[in-house]
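Single-structure report; data block below.
The values are calculated or read from the model by the stated rules, or taken from the named source; none is laboratory data. Only a predicted model underlies this, so the values are computations on that prediction, with no experimental measurement involved. Quick reminder, even Gly has a Cβ in these numbers, built from the backbone with ideal geometry, and neighbours come from all protein chains shown. Keep in mind that these areas ignore ligands, DNA and RNA; they rest on the heavy atoms of the full protein, side chains included. Shrake-Rupley method; radii C 1.70, N 1.55, O 1.52, S 1.80 Å.
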Amino acid sequence: MNTKLILISFMAMLLVSCEESLIEPEIPNDPVSNFEEMWKGYDEWYGLFGVKAIDWKKVYQEFRPMVNANTTDEELKNIFHDMIDPLNDNHTYIITTSNEPRIESGIFDTLKVQTDFSLDIIPKYVPDFTHYGAAIDYGTIEVNIVYIHLGDFIPSQKFFEQAMDEIVEKLKDTKGIVVDIRDNPGGNDATAQYVAGRFAASRHLYMNVRKKNGPGHFDFTNVIPWHVEPTGGTRYTKPVILLTSRWTESAGETFTLAMNELENITQMGDYTSGGFSDNIARELPNGWFYFMSIGDYRAADGESYEGIGIKPEIDLVNSKEDILSSTDKVLEKAIEILQ
């Protein structure tokens, strides 16, 4: 979902583009052809027009007259931005060159740098702060309270199985845990599902997913239900505070959906990012790559939170000044609640 699977999707689409070039006429590299290909690609494979209530044909009618043979790259970038901006989708963007910012359509069009969280100040609260591989950090806050930071869900499920076996077994007698995913950009949904299961006592539906399988706006696979249920050996079913932010994205958000179905979990912090779906990439004749969401992900309540994010039960956000002064008042409040 993905920051998650973006690299895989990116390379896969490169291969698809190479195969297509062998059997299809080469598309001219000119402004009009690039516009037409970009609009057509979204028209056929973007999965959230219904959710976003966007009439993509009207978008064509509005912007097509702005493009002609003399349209410059800068003008085309601005036109593309204005076309995808209303989609408000963090998984929908365009990469022009390696040294230019992406053309964004979601909240990252305005949020450039995270200022409400810094992992660097966590050791102030966690004296025995320990790195476990590339994606997990943990340690003891108080005698009976533990902190676990899940940086992403990119490593293999086997990595998380081994890590959670060791960490949960070590911490099973504690009073409560703070699980921090405030800077988690995603990874693999199935891995996130497994990790959530280490905090589950019973089985719960948390998400329904369908994905595009044809060029029509209503061409989708059948709905696939996702459940969170007990996984692994030792599980932690005592109180857990889950910390989220606007930078919690993709598989980090499906993890949040799963965790929120569990009785022992309290979400605290800010809304999540609002970008759930998997995405794919396609290449334009000029070498630019455009990415788009291809799924319709719904929470257990049947609602889509694309472009919205998941609302925390306890709303509390650090200011930039808090972080610059090495203060994490969100973590402090979580500790207070667990105590």
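Okay, here's what the table says:
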{"read-out": "Inter-site label distance for Glu142 and Leu324 at 7 Å from Cα along Cβ, in nm", "value": "3.1"}
{"read-out": "Student exercise, the chain dipole from Lys, Arg, Asp, Glu Cβ charges, in Debye to nearest 20", "value": "820"}
{"read-out": "Separation in nanometres of the label points that stand 7 Å from Cα toward Cβ, at Lys170 and Val113", "value": "3.3"}
{"read-out": "Kyte-Doolittle mean at least 0.5, axial Cα span of 18 Å or more - DSSP H helices of the chain", "value": "6-23"}
{"read-out": "Cα-projected label distance for Ile337 with Thr97, points at 7 Å along beta-carbon direction, nm", "value": "4.7"}
{"read-out": "19 Å cut-off, amide nitrogen to a point 7 angstrom out along Asn208 Cα→Cβ, residues in the stretch 76-105", "value": "none"}
{"read-out": "With eigenvalues of the C-alpha gyration tensor scaled by 5 and rooted, the chain, Å", "value": "40, 21, 17"}
{"read-out": "Solvent exposure of the stretch 31-131 as accessible area per residue, Å², 1.4 Å probe", "value": "50"}
{"read-out": "Surrounding net charge for Ile141, when Lys and Arg each add one and Asp and Glu each subtract one, Cβ distance under 12 Å", "value": "-4"}
{"read-out": "Cross-link reach list, lysines versus Lys158, counting only Cα pairs under 26 Å and skipping chain neighbours closer than eight places", "value": "Lys4, Lys170, Lys172, Lys238"}
{"read-out": "Helix-only mean residue ellipticity at 222 nm for the chain, each DSSP H run of n ≥ 4 adding -39500 (n - 2.57), per residue, nearest 500", "value": "-9500 deg cm²/dmol"}
